[in-house]
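The values are calculated or read from the model by the stated rules, or taken from the named source; none is laboratory data. Here the structure is a predicted model, which is why all the values come from computation and not from measurement. As a convention, Cβ positions derive from the backbone with ideal geometry for all residues, glycine included, and neighbour counts pool all protein chains shown. To get the accessible areas, we keep the full protein, side chains included, count just its heavy atoms, and leave off ligands, DNA and RNA. Shrake-Rupley method; radii C 1.70, N 1.55, O 1.52, S 1.80 Å.
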Amino acid sequence: MKKENGGTCSVKKGFTLIELLVVIAIIAVLAGMLLPALSQARERAYSLSCLNNEKSIASSINMYLSDNDDWLPVWQQGTSSPYQRWYSLVNCYLSGDINRTEFNTENFINKSMFCPAIKWGIDGSYGGVGQYYGYGINIYLYHPNGWVDLDLSTKVSKLKNTSTLILGGDNGVSKSPGVAVRWSGRPALYFPGETISTVSSGNMTDWTLNKEKHRNTKNLFWVDGHASNMKIAEMQANWEDTKSMWRP
């Protein structure tokens, strides 16, 4: 096409409808490939953050042991609310201030006690963080039948194979909002196949409560102070076999 001044011009061509649809389809395919990877990366980050929490809890318990002649913090101290539970007795070590006596009751729960995968549970009361914390102590370490008597404890220096003996880990608070073990049982770690009374869903096994939290695994902390991840099926298999990870 010639202009009157002798110059030339070109007609710009836009996208056709078919080309636009192809581009949208490519973007949808890429999104479908990337979103699961991003979801897995986010869950992995939650699990690593959870593991770091448990390392902090294990370290705080070790500090408690040093100050208490190697005795683990008791399951529950006192007969009226507010109680001192095992996590209450290590709160001051988790918080870095052993002189803060207000930390030493069930009415304060340190933020390190909350599993990052339980997004619904951290709001509310109790130290300004909430009731649905994420970690329980191995009650079979205190008593082979899992009894949780008041003032029950165990002396760590008398235990053997401490690197393979579970001290605690992810408790029965589910990733699903509102699904959790009742308050009195929440500080405990149960074996995966055990049926537990929950707040809003009747009775559920510990495995069912935990299976979505870290992709059918649990983060655990051990008597020697280290923390690691383990498949729930492996934990259950040990319970059904020797119980060597559960009982002294």
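Projected over all directions and averaged, the alpha-carbon convex hull of the range 167-237 occupies 4.5 nm².
For the range 67-77, backbone phi angles converted through the Karplus equation (6.51, -1.76, 1.60; θ = phi - 60°) give residue-by-residue couplings of 8, 9, 6, 6, 8, 5, x, 5, 4, 8, 10 Hz, Gly and Pro being listed as x. Sketch the reach of a paramagnetic label on MET63 as a point 7 Å from Cα along Cα-to-Cβ, and name the residues of the range 106-135 whose backbone nitrogen lies under 15 Å away. Counting only backbone N, you get 110-113.
Just subtract the alpha-carbon distance of THR195 and ASP151 from 0.36 nm times their residue separation and send over the number in nm, one decimal. Intermediate values should be presented prior to the final figure.
Details: separation 44, 0.36 × 44 = 15.84 nm, distance 2.47 nm.
Fully extending the segment from THR195 to ASP151 adds 13.4 nm.
In this structure HIS214 has an accessible area near 10 Å², from a 1.4 Å probe over the protein heavy atoms.
Quick one: order MET63, MET230, MET235 from most to least accessible surface, probe 1.4 Å.
Values: MET63 90, MET230 25, MET235 0 Å².
Descending order: MET63, MET230, MET235.
When the surface is traced with a 1.4 Å probe over the full set of protein chains, LYS111 keeps roughly 140 Å² accessible. Taking the alpha carbon gyration tensor of the range 130-248, multiplying each eigenvalue by 5 and rooting it gives semi-axes of 22, 16, 13 Å, largest first. Taking amide H as placed 1.01 Å from N in the peptide plane, GLN131 has its amide H under 5 Å from the amide H of SER125, each at least 5 places away in sequence or on another chain. Taking every Cα-Cα distance in the range 113-188 and sorting them into 10 Å bins starting at zero, the pair-distance distribution P(r) comes out as 18, 43, 27, 12, 0 percent.
Of the cross-linked pairs LYS119/LYS160; LYS155/LYS175; LYS55/LYS160; LYS175/LYS243; LYS119/LYS158, those separated by over 31 Å at the C-alpha level are LYS119/LYS160; LYS155/LYS175; LYS119/LYS158. Near the amide H of ALA180, within less than 5 Å, lie the amide hydrogens of SER174, VAL199, SER200, SER201, all on another chain or at least 5 residues away, with H placed in the peptide plane.
Taking amide H atoms as placed 1.01 Å from N in the peptide plane, the amide H of TRP75 lies under 5 Å from those of ASP151, LEU152, each 5 or more residues away in sequence or on another chain.
Each residue of the range 128-136 was assigned a 3J(HN,Hα) from its phi angle through the Karplus expression (A = 6.51, B = -1.76, C = 1.60, θ = phi - 60°), giving x, 10, x, 9, 8, 6, x, 10, x Hz with x at Gly and Pro.
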